[in-house]
Amino acid sequence: MQRTIYIESYECMTGVSKNSEELWSSLSAGRSGVAPQSMERWAPRSREYFESYKSTPIASLIKDDLKGSALDTLVTRLLQVFKKACFIKAPDCPVGIIYSSTKGAIEDHLSLEGPIVDSLDIVLNEFLEKAALENIVISQSVSNACASSHGALALGKKWIEAGLCERVHIISGDIVGPFIQTGFKSLKALSAESCRPFQKERDGLILGEAICALTLSSFKSDFELADVVIFNEAHAVTSPSPEGTGLYTCASEVVKKGAPDMAIAHGTATYTNDLIEDEVLSKIQELVKKDFPITAAKWATGHTLGSSGLVDLIAAINCLKHNKIFPIPNAHDQESFKGKNYVYNLALDLPLSSVLVTSLGFGGVNGALLVRRAQ
Amino acid sequence: MSKLKYFLKTNLNTIEFNNKVAPSWASKVRRWNQLDGESFCLAEASFYYDSEVLPCSVVLLASEGSLNTDRAFQNSAKVSPSLFVHTLPNVRMLSYSLMSGFEGEMICLNKGKQTLGLALAQNAYMFDGLGLKKILFIQVTKKDEAFYTCDFFELSKTQGRDDYCIEIDKSKPFIEEVCDEDNILREKIERGEDCHLNKSFSMRKSL
């Protein structure tokens, strides 16, 4: 059943911001949270792996200096952000909750001796126990790789449309620790210096941490989730199909709800991601007959994995609030791409009503959403 | 109408993880010898899985995440990128897609020991509004060092032989109270017994 899905509240903490307003000011000011990451508490194997490359890990980490277990760190952060999100008071209604993550509290479970567990479910259960929320009728973790946020939003939308609940809290977060850093290093996916989305000299992604809390509901609010689509293509594990068929399928579906005024791309700054995403966005511009401006946020926040789509969605809502598009800073090469109107170096003031947000991930996952001012 | 009836076709498999010999489906997966146990065994099960019609949507169930492979990556003598890419449970979906040709909506869900039960319950509750003809649930679990269980469950409105019948009463609110944990559900399905899915649902062997 079609119902309007509103975004009732949102909040986030990233490596460059303590809250969503600070995220906006950092994106607008060209401020990045990327810095060297200490390997002080890392197991020798991971430390030696980076040292063998004469390399120091870098990341955009949340700067709160928590030193507990992965579980404690994630739950503490999730509770902090969740409590800051401002919920519109509404009658008692059934509520759902979804945790979007790629690895959850994995750093706590890597010893061969431990029991076989679900490192995401443990985080969600601990959060629920400490948050003591009322009227929760369903709780679930989603792990669709780097499109987990889009997956969580798609599931939450279905729950509300089906009348399973009237409100869905979506919380997200990963920890960038030695496991994830070592893994991406082994794939040669990391940049040694900075994330340069949609630039010819890009050389890889930078990992980042973000905790998001966003609530979807059937209660009228300023912004609505016009549509969200996820699509798995059968091509390869670490790269999309050359034509970006999966992403095009998602994006072309959501823009049926209206041509976007701008797009926030996944923009990880790996060679392949940006090449394929550019191909798809240029085709979407042709499809809607509009060269909508395109920007990306990972130069500031890093690739925040299970939070990636939610960070971009919160950035999109801020663009709508301010009628302004934050730029990709320090960008020089503007000529190698098929998509038109990448927003480089200078912010763009523009009346905005809707934003397209796209995501891709390992395993052939893709996601696209359209967020707009409530009609 | 608040009482709704759906049918669940079940297909349970125990697959040996033997990547020393090229499997029958080797031509469909270039690097079959680099797949982790879950992906390898799902490819094997999917190759032989006979489904008349492709599903509209797939729900991949990862009750243990990818912890077996996570540990293998962490504890291997040499850091292995081919192991790392399997430390995302959704990646094993490619095994099914490459065998069946399926491309479309896929969501990977985790809920510990109730992953299958909750996935079935919520999707049965939502089914009439989703506009889909068939949802396929896939669950892969490591049994021991040599074997994995790879199970397929198809939810639809079409009754087939030996299907389970799921009846739900939508006049009652949804409550997440899965009664049979996944391992119990699987044992009951293996024996063809009725299952205790949820207080609002019955899951019985069709007559």
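With surrounded by 23 or more Cβ atoms within 10 Å (Cβ to Cβ), out of contact with any Gly (no Cβ under 9 Å at 6 or more places or on another chain) and at pLDDT below 95 as the only criterion, which of B:138, B:168, B:175 stands out?
Residue meeting the stated conditions: B:168.
Among the residues of the range A:128-143, is there at least one that is closer than 30 Å to residue A:195 by Cα and more than 8 Å from chain B (Cβ to nearest Cβ)?
No, there is no match, as no residue in the range A:128-143 is closer than 30 Å to residue A:195 by Cα and more than 8 Å from chain B (Cβ to nearest Cβ).
So which residues in the range B:141-158 are surrounded by 16 or more Cβ atoms within 10 Å (Cβ to Cβ) and of a type in the set (Gly, Ala, Ser), if there are any at all?
Of everything in the range B:141-158, just one residue is surrounded by 16 or more Cβ atoms within 10 Å (Cβ to Cβ) and of a type in the set (Gly, Ala, Ser), namely B:156.
Go through (1) surrounded by 18 or more Cβ atoms within 10 Å (Cβ to Cβ); (2) under 24 Å from residue A:263 (Cα atoms) and name the single condition residue A:182 misses.
(2)
Going by the conditions given, is residue B:45 in contact with a strand residue (DSSP E or B) (Cβ under 8 Å, 6 or more places away or on another chain), more than 21 Å from residue A:187 (Cα to Cα), crowded, with 19+ Cβ neighbours inside 10 Å and more than 9 Å from chain A (Cβ to nearest Cβ)?
Yes, satisfied.
Within the range A:254-276, does at least one residue satisfy the condition of being under 25 Å from residue B:91 (Cβ atoms), in contact with a Lys or Arg (Cβ under 8 Å, 6 or more places away or on another chain) and charged (D, E, K, R)?
yes
Considering only the range A:275-301, state which residues are over 20 Å from residue A:253 (Cα atoms) and surrounded by 24 or more Cβ atoms within 10 Å (Cβ to Cβ).
Matches in the range A:275-301: A:295, A:296, A:297, A:298, A:299, A:300, A:301.
Tally up the residues in the range B:15-37 that are assigned to a helix (DSSP H, G or I) and within 12 Å of chain A (Cβ to nearest Cβ), please.
Number satisfying all stated conditions: 2.
When you scan the range B:153-198, how many residues do you find that are away from chain A (no Cβ under 12 Å) and free of Cβ contacts under 8 Å to residues at least 40 places away in the same chain?
Summing the residues that are away from chain A (no Cβ under 12 Å) and free of Cβ contacts under 8 Å to residues at least 40 places away in the same chain in the range B:153-198 gives 10.
Among (1) in contact with a helix residue (DSSP H, G or I) (Cβ under 7 Å, 6 or more places away or on another chain); (2) at the interface with chain B (Cβ under 8 Å from one of its Cβ atoms), there is one condition residue A:246 misses while meeting the rest; what is its number?
Failing condition for residue A:246: (1).
Quick check on my filter: what residues within the range A:68-108 are free of Cβ contacts under 8 Å to residues at least 24 places away in the same chain and assigned to a loop (DSSP other than H, G, I, E, B)?
Selection gives A:68, A:89, A:91.
The values are calculated or read from the model by the stated rules, or taken from the named source; none is laboratory data. Predicted model, so just to flag it, every value in this text is computed and none were measured. Don't worry about glycine lacking a Cβ; one is built from the backbone with ideal geometry, like all the others, and counts go over all protein chains shown.
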